[in-house]
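*Asks:* Sharing a structure below in structure tokens format, with a few things to ask.
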Amino acid sequence: MSSTATAANMSPADRMADPNWWRQAAVYQIYPRSFSDSNADGLGDIRGITAKVPYLASLGIDAVWLSPFYPSALADGGYDVDDYRNVDPKLGSLADFDAMVAELHGAGIKLIADIVPNHSSNRHEWFREALAAPEGSSARDRYIFRDGQGPDGSLPPSDWESVFGGSAWQRSVDQDGTPGQWYLHLFAPEQPDLNWDNQEVRDDFLKTLRFWSDRGVDGFRVDVAHALTKDMTHPLPSKDELGSEGELQDGSHPFWDRDEVHEIYAQWRALFNEYTPPRTAVAEAWVHSSRRARYASPEGLGQAFNFDLLLADFDAEQFRAVITRNLAEAADSGASSTWVFSNHDVVRHATRYGLPKGGGREGRGQDGKAWLLNGGSAAELDLVTGTRRARAASLLMLALPGSAYLYQGEELGLPEVADIPDAARQDPTFFRNQGVDKGRDGCRVPLPWTAEGESFGFGDAGAHLPQPREFGAYSVESQEGDPSSTLELYRAALKLRRQLQTSEELTWISSADSVLHFTRPAGWQSVTNFGTEPIPLPAGTMLISSGPLDAGLLPADTTVWLS
Ligand code: NOJ
């Protein structure tokens, strides 16, 4: 296992120059349209982020991961990119972006940009050219166009389904208005899949990665990293012949996790390594855990998300198994591990843990995709328990070796907003499932900064997704300075973590089945009680606790750090 100097001992400038900065980083995800609105249009923007850099610095994070900020019609919250080398004018300009990077770097905070290589938007100039060009043209070859089945080609080329529901094929309309070929979209129809067998596509992404790296972007989060290369040999297999995403271990699926994808990432790695320090990357790859190491290898992207903790119940046995396996896998790949409880695709963990174990998951896809969790029903939600568990889980996560990926608002203990009116919903998963799956809007509601006022300080106009009245009590203003608040818990934990994280070792201490107890180097210990009864505390000096102790005992659903 490699070791890094204690981040707290390093000056911000040394931290910025450290090539290992990512190994044990606390990375805070900003979903820009819901973070802070500087120009009163109801949509968060780049200047809004810049204005909040002091807040980000006060949290003690090492990096920001910025979800897509590119020009987009927002058919999928910005993951439908019109132009990869620009900023959405609704969010600002390239000059605003540069100013934000300078401000973040000045505060010792790195920037990880989200990159979306599997699909562009249908408004990208390449796709418009493809629609205007004849069948078999080089413009069409940048995407995946195929003839339809049946005598008049009116049936899709295969019965494959899109991740968001419905067919994965959309019929295009030719210039003369007649129905034409079909194009593949693994996600929404507004997100046509790019053809990664096309050299121009590969070259253009290298140009994009260089464009942002030259502008000071420190790393990339790679969207659907496991989908880029495809075997489209005819006849296409039917959906019943395909294994599920994340299940196959032999690279035989026509579009998920094919071995050829790693040729692309080897090229990207060569580009990243031209920079000092090298640019980092983390793969969003829903692959079988045995196949994750290749994405995370030093010859590849360098790190890969594991969503195993996010998918686990609040359960000691499940957590222990996930942690043990992932630390071993990360060590094998040469990467450090990644940990996630919340992001813009899943039900916020304060709510998830307030639902019955395994419950509230009726909307979960057959392939186990967490973003299809639908939040459960209000009647079965116990938010007090959920919040207590979320705090305990987060404190445990922050004690683990590896990178902790935090999602905006989790430091406020925000719950999922379950009751967004259908008319206000935006997520294509909602629309493409006839509303059966409520979609992901509930975790994307704009942040509350103040206890009162228009959109709780998000901006001077309304918020693009309605905020519930109780958001005021969750606001930064309401929590700041209150040592029992979730915000102050995160701040204190992140500060301590920075001082305590040295090498990446973790040693389990034997404990009751419902308790997780481990030590980190220099005698730092973390203990979590997943059981129902208070337990005695091990010997040591208390550093921080996710909740109050009970007559000197560690209560249920609580984590403490001891030295
Ligand atoms: C994964 C992203 O996290 C999600 O938000 C998006 O909808 C899909 N990829 C498609 O880009």
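The values are calculated or read from the model by the stated rules, or taken from the named source; none is laboratory data. Quantities reported herein were computed from a predicted structural model and do not represent experimental measurements. Note that we place each Cβ from the backbone using ideal geometry, even for glycine, and neighbour counts take in every protein chain shown. Just so you know, the surface numbers come from the protein's heavy atoms only, side chains and all, with ligands and any DNA or RNA stripped out. Shrake-Rupley method; radii C 1.70, N 1.55, O 1.52, S 1.80 Å.
*Asks:* Restricting to Cα atoms and excluding each atom paired with itself, what does the Kirkwood estimate give for the chain in Å? Show your work: numbers first, answer last.
*Replies:* Details: mean 1/r = 0.0412 Å⁻¹.
The Cα-based Kirkwood calculation yields 24.2 Å.
*Asks:* Using +1 at the C-beta of Lys and Arg and -1 at the C-beta of Asp and Glu, which of Ser526, Leu562, Leu487 has the Cα lying farthest in the positive direction of the dipole of segment 487-563?
*Replies:* Highest projection toward the positive end goes to Leu487.
*Asks:* Continuing with the same structure: Once both axes come from the Cα atoms, what is the angle between helix 199-214 and the longest principal axis of the chain, in degrees from 0 to 90, rounded to 10?
*Replies:* 40
*Asks:* Follow-up. Out of residues 5 or more away from Leu194 or on other chains, whose amide H comes under 5 Å of its own, with H placed 1.01 Å from N in the peptide plane?
*Replies:* Amide H neighbours of Leu194, under 5 Å, 5+ apart: His119, Ser120.
*Asks:* Now for a different question. I need the per residue convex hull volume for segment 149-282, using only the alpha carbons, in cubic angstrom as a whole number.
*Replies:* Spelled out: Cα convex hull of segment 149-282, divided by residues, is 140 Å³.
*Asks:* Nearest 10 degrees, 0 to 90: what angle lies between the long axis of helix 316-333 and the longest principal axis of the chain (Cα atoms)?
*Replies:* Taking the Cα atoms of the chain, the angle to 316-333 is about 60 degrees.
*Asks:* Sticking with this structure for a sec: Nothing charged except the Cβ atoms of Lys and Arg (+1) and of Asp and Glu (-1): what's the magnitude of the dipole of segment 441-563 about its Cα centre? Round to the nearest 20 debye. Walk me through the numbers before you get to the answer.
*Replies:* Numbers: 7 positive and 15 negative charges, 96 e Å.
Around 460 debye, computed over segment 441-563.
*Asks:* Still on this structure: For segment 65-166, report the translational diffusion coefficient in µm²/s to the nearest whole number, using Stokes-Einstein at 10 °C, 1.306 mPa s, and a Kirkwood Rh over Cα pairs.
*Replies:* Estimated diffusion coefficient is 98 µm²/s.
*Asks:* Quick one: with all protein chains in place, what share of the accessible area of the chain is carbon or sulfur, to the nearest percent (1.4 Å probe)? Numbers along the way, then the final one.
*Replies:* Working: 10380 of 20310 Å².
Result for the chain: 51 percent of the exposed heavy-atom area is carbon or sulfur.
*Asks:* Specify whether the C-alpha gyration tensor of segment 390-496 places it in the rounded, prolate or oblate class, a ≥ b ≥ c being the square roots of the eigenvalues: rounded for a/c under 1.5, otherwise prolate if a/b is larger than b/c and oblate if not. Spell out each step's value before the answer.
*Replies:* On the way: a/c = 2.82, a/b = 1.39, b/c = 2.03.
Oblate.
*Asks:* For the chain, what is the calculated [θ] at 222 nm in deg cm²/dmol (nearest 500), taking -39500 (n - 2.57) for each run of four or more DSSP H residues and dividing by its residue count?
*Replies:* Result for the chain, helices only: -7000 deg cm²/dmol.
*Asks:* Over the chain, with the other protein chains present, what is the accessible area per residue in square angstrom, probe 1.4 angstrom?
*Replies:* Values: 20310 Å² over 563 residues.
The answer is 36 Å² per residue.
*Asks:* Something else about it: Arrange the peptides 201-207, 528-534 so that the one whose residues have, on average, the most other Cβ atoms within 10 Å appears first.
*Replies:* My ranking of the peptides, most packed first, is 528-534, 201-207.
*Asks:* Considering only DSSP beta bridges with both partners in the chain, what is the antiparallel share in %, to the nearest 5?
*Replies:* 55
*Asks:* If one computes the Cα centroid of segment 81-95 and of segment 473-527, what distance in Å separates the two points?
*Replies:* 37
*Asks:* Mind checking the angle between helix 94-106 and the chain's longest principal axis? C-alpha axes, 0 to 90 degrees, to the nearest 10.
*Replies:* 20
*Asks:* Can you list residues from other chains, or at least 5 along the same chain, whose modelled amide H is less than 5 Å from the amide H of Gly180?
*Replies:* Here the answer is Ser172, Val173, Asp174, since their amide H atoms fall under 5 Å of that of Gly180.
*Asks:* Hey, can you rank 97-105, 44-52 by average C-beta count inside 10 Å, highest first?
*Replies:* My ranking of the peptides, most packed first, is 44-52, 97-105.
*Asks:* What size of dipole, in debye to the nearest 20, comes out for segment 154-310 about its Cα centre when the only charges are +1 on Lys and Arg C-beta atoms and -1 on Asp and Glu C-beta atoms?
*Replies:* 520
*Asks:* Given the options Thr507, Gly462, Asn326, identify the residue whose Cα lies farthest towards the positive end of the charge dipole of the chain (+1 on Cβ of Lys, Arg; -1 on Cβ of Asp, Glu).
*Replies:* Final value for the positive-end residue is Thr507.
*Asks:* Moving on. Applying a 10 Å radius around every beta-carbon, put 466-479, 387-400, 237-250 in order of their mean neighbour count, most first.
*Replies:* For the peptides 466-479, 387-400, 237-250, the packing ranking is 387-400, 466-479, 237-250.
*Asks:* With unit charges on the beta carbon (Lys/Arg positive, Asp/Glu negative), name the residue among Ala57, His124, Ala379 whose Cα is farthest towards the positive pole of the charge dipole of the chain.
*Replies:* Result: Ala57.
*Asks:* Enumerate the calculated ³J(HN,Hα) couplings along segment 72-78 in order (Karplus 6.51 cos²θ - 1.76 cosθ + 1.60, θ = phi - 60°), each rounded to whole Hz, writing x wherever the residue is Gly or Pro.
*Replies:* 6, 7, 6, 5, 9, x, x
*Asks:* To the nearest 20 debye, what charge dipole does the chain have about its Cα centre, counting +1 at the Cβ of each Lys and Arg and -1 at the Cβ of each Asp and Glu?
*Replies:* Value, rounded to 20: 1300 debye.
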